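Worksheet: one structure, shown below.
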Amino acid sequence: MERLATQGGRPVRPTLLPYAHQTIEPDDVAAVGEALTADWITQGPVVARFERALAEHAGVKHAVAVANGTAALHAACWAAGLAPGDEVITTPLSFAATTNAIVHQGAQPVFADIDGATLNVSADAIKRVATPRTRALLPVDFAGLPCEYERLLPLARENGWIVIADAAHSFGGAANGRPVGALADMTTLSFHPVKLITTGEGGAVLTDRDDFAERLRAMRHHGIRYPDPARPWRYEIPELGTNYRLTDFQSALGLSQLGKLDRFWRRRDQLARRYRERLAGSRFLELPDLATGVRHGWHLFVAMLRLERFSADRDVIVTSLRAENIGVTVHYPLVYRHSFYAERFGYGPGLCPSAEAVEGRLMTLPLFPAMTDHDQDDVLRALDKVFARYAR
């Protein structure tokens with residue numbers, strides 16, 4: 001049996017293959033350079049152009065660009081008017097920013113369990129945890145798979161809830177012929193370098209509702225309102241906002257990247273399909289289900305270890321793969337496991353059994369547009385090597 005790198009053997013790759021990486025091309029650099037030499041470098045005409053392009057791509061009326069994906073979540077919760085006493089139902093399987101935005105508004109996060117097959121929040125679980133204090137739903141398109149909005153929206157309409165879709169993973173995806181961005185009352189995006197397109201840092205909120213768009217634009221600019229646009233030096237702040245503005249040069253990068261979104265997505269889709277073909281039937285890995293009628297965004301390629309087939313735990317397997325220079329990682333520890341949430345709200349084990357059943361088995365494999373087939377073959381060789389060493 002071939003020795004692992006952790007045991008002094010030769011690693012599969014001489015250098016690290018990260019789990020994700022941005023793709024920046026010469027025209028992206030040129031676009032940023034042009035914006036940097038213009039008269040406006042923040043909150044100027046390029047921001048507005050980027051917003052129009054985002055809205056057009058998603059088929060919605062409004063896109064409001066903000067400083068990052070977390071800002072987009074916070075702005076959407078603010079625009080929805082969430083406040084102390086309100087409850088917001090969300091998933092435990094997400095980066096903490098999703099739930100943090102709820103808490104920043106003083107509202108109470110309520111965790112609904114996931115569907116163990118798709119890893120997205122379960123509509124049936126949402127029904128079980130809803131109360132008269134429920135004000136909004138904040139589902140997450142985990143790894144890039146759009147949630148069951150065809151079930152979530154009617155449920156929300158029946159109960160008068162607002163639906164804020166966290167689509168940080170799924171921009172470029174679609175469901176039942178409708179693009180991500182047009183599936184909820186508000187949709188938040190992230191343009192962090194590991195996402196499908198990047199502005200360095202950046203985010204946006206997409207919506208068809210004029211009232212939400214007006215509030216979002218005020219919130220990102222300190223809550224300022226202009227009663228008389230002809231006299232912009234006269235303004236007022238009826239509600240406390242913050243500074244979540246995006247720059248023109250970041251927007252220039254975003255515009256350039258947006259034109260490549262379909263190309264980037266196609267390569268991610270090719271790699272993801274190749275993973276699924278090679279790993280289908282594996283006795284060591286379980287893959288999430290793919291819903292019908294849905295275009296997966298493929299931000300992440302996530303698999304679940306069949307730990308009963310190993311003589312080691314996930315940390316040992318992940319450590320061994322990283323020593324082979326395969327940059328696997330984990331998405332995510334369940335939000336309510338974090339000490340802040342456990343101590344502040346009293347959440348404990350057993351809250352979401354399906355999520356807890358998969359949490360310790362999750363592992364993310366490298367996936368980004370610049371990956372070559374040879375890179376992916378290295379990942380698969382490393383999996384075989386490590387799995388063989390720890391197989392029962």
| Looking only at the range 76-85, and only at residues there that are in a loop (DSSP other than H, G, I, E, B) and either out of contact with any Gly (no Cβ under 9 Å at 6 or more places or on another chain) or in contact (Cβ under 8 Å) with a residue 40 or more places away in the chain (or both), the one that is nearest to Pro146 (Cα to Cα) | Ala80
| request: Among the residues of the range 344-375, write down those that are surrounded by fewer than 20 Cβ atoms within 10 Å (Cβ to Cβ) and either in the same structural domain as Leu93 (by TED's automatic domain parsing) or farther than 30 Å from Phe111 by Cα (or both). | output: Pro369, Ala370, Thr372, Asp373, His374, Asp375
| Failed condition for Arg322, given (1) closer than 25 Å to Leu196 by Cα; (2) surrounded by 14 or more Cβ atoms within 10 Å (Cβ to Cβ); (3) in contact with a Ser or Thr (Cβ under 8 Å, 6 or more places away or on another chain), with all others met? | (3)
| query | Taking the range 273-329, which residues are in contact (Cβ under 8 Å) with a residue 12 or more places away in the chain and at positive phi? | reply | Gly293, Trp298, Asn325
| request: Give the residues of the range 50-61 that are surrounded by fewer than 24 Cβ atoms within 10 Å (Cβ to Cβ) and either assigned to a loop (DSSP other than H, G, I, E, B) or in contact (Cβ under 8 Å) with a residue 12 or more places away in the chain (or both), sorted by residue number. | output: Glu51, Ala53, Ala55, His57, Gly59, Val60, Lys61
| note | Subset of the range 225-255, residues buried (at least 21 other Cβ atoms within 10 Å of the Cβ), of a type outside the set (A, V, I, L, M) and not in a loop (DSSP other than H, G, I, E, B), comes to Thr247, Asp248, Phe249, Gln250, Ser251, Gly254
| task | Report yes if some residue within the range 142-152 is of a type in the set (A, V, I, L, M), without any contact (Cβ under 8 Å) to a residue 60 or more places away in the chain and in contact with a Leu (Cβ under 8 Å, 6 or more places away or on another chain); otherwise report no. | result | yes
| task | Filter the range 141-200 for residues that are β-branched (Val, Ile, Thr) and either in a strand (DSSP E or B) or over 21 Å from Ala80 (Cβ atoms) (or both) and give the result. | result | Ile162, Val163, Ile164, Thr187, Thr188, Val194, Ile197, Thr198, Thr199
| task | Inspect all residues belonging to the range 202-210 and state whether any of them is out of contact with any helix residue (DSSP H, G or I) (no Cβ under 9 Å at 6 or more places or on another chain) and of a type in the set (A, V, I, L, M, F, W, C). | result | no
| request: Identify the residue in the range 1-44 that is part of a loop (DSSP other than H, G, I, E, B) and among the acidic types (Asp, Glu) and, among all such residues, is nearest to Phe368 (Cα to Cα). | output: Glu25
| request: Report whether or not Thr99 is in a loop (DSSP other than H, G, I, E, B) and β-branched (Val, Ile, Thr). | output: no
| remark: Inside the range 106-123, the number of residues satisfying the requirement of being within 19 Å of Thr292 (Cα to Cα) and without any contact (Cβ under 8 Å) to a residue 60 or more places away in the chain is 3
| Based on what the data block shows, is Arg135 in contact (Cβ under 8 Å) with a residue 24 or more places away in the chain and within 20 Å of Gly254 (Cβ to Cβ)? | no
| request: Quick one: which residue in Asp124, Asp166, Asp141 is in the same structural domain as Asp208 (by TED's automatic domain parsing), within 21 Å of Cys352 (Cα to Cα) and surrounded by fewer than 24 Cβ atoms within 10 Å (Cβ to Cβ)? | output: Asp124
| task | Would you mind stating whether Ala125 is in contact with a Cys (Cβ under 6 Å, 6 or more places away or on another chain) and either closer than 26 Å to His192 by Cα or not in a loop (DSSP other than H, G, I, E, B) (or both)? | result | no
| Can you tell me which residues in the range 102-121 are in a helix (DSSP H, G or I) and surrounded by fewer than 23 Cβ atoms within 10 Å (Cβ to Cβ)? | Val103, His104
| query | When you go through Val88, Val47, Val64 one by one, which is the residue that is within 15 Å of Thr199 (Cβ to Cβ) and in a strand (DSSP E or B)? | reply | Val64
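The values are calculated or read from the model by the stated rules, or taken from the named source; none is laboratory data. What you are looking at is a predicted structure, and each value in this text was computed from that prediction instead of being measured. No Cβ is skipped: glycine too gets one built from the backbone with ideal geometry, and neighbour counts run over all protein chains shown.
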